[in-house]
Amino acid sequence: MHVDQVNVDEHVVRALLRDQFPHWADLPLKPVSSYGTEHSIFRIGHGLAGRFPLLPDAGSATAVEARWLPGLAPLLPCRVPVVVAHGRPALSYPFTWTISEWLDGEDGSTATYDEMRLARDLADFLTALERADATGAPSALPGQRGAPLAGVDAPVRRAIEQLGDRIDAAAVTRSWEQSLDADEWRRPGVWTHGDPLPGNLIFQDGRLTAVIDFGGLKAGDPACDLQPAWNTFSGASRRLFREAMGVDDATWLRGRGWTVYQTVTGLAYYWDTNPRMIRQVSHALDQVLADS
């Protein structure tokens, strides 16, 4: 997916385990299929998951999870990854990596669930995250989710131009500019997940039981966590999600803007390399344009 990515396979993982955690080195290993773009995930035995960054910047994501999730976990209504070990660069693998508790279930890209019930459950999770004390939390920097939308104006317009007639460029640009014109967030930053998309939601028996991938965890504008409105919900479930989140018109528009950003940049970057991601973001962009 990336020109400069490090490829991680079972042999690499097994060697790293033998080098640093020999008590786990002989457990069964199984790669976890996903349309994630920054990490390779391996199930280790029955109760563990190894998370291996593919890119230099992705290594900081594991550090954020390890630092902040232990304190946030008791405050949230769903399970989140609990890091149980930290791996260091070794044996030609250049990044820090982590081992977490395995969270049973099926992710939202393939799970069957009731949208109305999920709208309530996910809103409960996200609002609980927002209410948690964010003292000392890392703040969203310009260009990151949780910061003002203007910081990603250039990459959005570049992606729209690059996609050409593969999208309705005029309609996407109109929607994007509506979001840019919305009033900015002017209150103290709150905790945001940054990427609560279907692949990061874990279900058991049709119910949301866990949320994963907190690499984008920041304090900032919570509008970025409204992306499920267009990635996951539609019609009545979208309206229920908005009501349960209790957001005003400007925040809703900014949330839609973050969805435009995620979809057009994803389409432009992963068009030839990640078909599952392309299907997901194409669906979300269609929902944005219908909603606009």
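Points to keep in mind about this one:
- Helix axis angle, 169-180 relative to the chain longest principal axis, alpha carbon, degrees: 90
- Cα gyration tensor category, rounded, prolate or oblate, for segment 151-218 with a/c compared to 1.5: oblate
- For the chain, calculated [θ]222 nm from helices alone, where every DSSP H run of n ≥ 4 adds -39500 (n - 2.57): -13000 deg cm²/dmol
- Computed from backbone phi, the HN-Hα couplings of segment 229-237 come to 3, 10, 7, 10, 10, 7, x, 5, 5 Hz, rounded to whole numbers (Karplus: 6.51 cos²θ - 1.76 cosθ + 1.60, θ = phi - 60°; Gly and Pro given as x).
- At the residue level, Ile202 shows approximately 10 square angstrom of accessible surface with a 1.4 angstrom probe and all protein chains present.
- Only Cα pairs under 8 Å and 6+ residues apart enter the sum, and on that basis the relative contact order of segment 201-291 stands at 27 percent.
- Hydrodynamic estimate: the Kirkwood radius of segment 87-186 over Cα pairs, inserted into Stokes-Einstein at 20 °C and 1.002 mPa s, corresponds to D of 116 µm²/s.
- Nonlocal amide H pairs with Trp97, under 5 Å, H built at 1.01 Å: Gly87, Arg88
- Sequence-ordered 3J(HN,Hα) estimates for segment 65-80 from the Karplus curve with 6.51, -1.76 and 1.60 and θ = phi - 60° stand at 4, 5, 6, 10, 5, x, x, 7, 3, x, 8, 10, x, 10, 6, 9 Hz, glycine and proline given as x.
- Helix 249-270 and the long axis of the chain differ in direction by around 60°, with both axes built from C-alpha atoms.
- A P(r) calculated from all alpha carbon pairs of segment 110-266, with 5 Å bins opening at zero, reads 2, 9, 18, 22, 20, 15, 10, 3, 0, 0 percent.
- Principal-axis tilt of helix 275-291 within the chain, Cα atoms, nearest 10 degrees: 20
- The amide H of Trp185, built 1.01 Å from its N in the peptide plane, has no neighbour under 5 Å, considering only residues 5 or more places off or on other chains.
- Cα gyration tensor shape for segment 206-292, rounded if a/c is under 1.5, else prolate or oblate: rounded
- Long-range HN-HN contacts of Ile44 with modeled amide H, under 5 Å: Ala49, Gly50
- Evaluating 6.51 cos²θ - 1.76 cosθ + 1.60 at θ = phi - 60° for every residue in segment 154-161, the Karplus couplings come out as 4, x, 5, 5, 5, 5, 4, 5 Hz, glycine and proline recorded as x.
The values are calculated or read from the model by the stated rules, or taken from the named source; none is laboratory data. This one's a predicted model, so the numbers in the text were calculated from it and none came from an experiment. Only protein heavy atoms, including side chains, enter the accessible area calculation; ligands, DNA and RNA are left aside. Shrake-Rupley method; radii C 1.70, N 1.55, O 1.52, S 1.80 Å.
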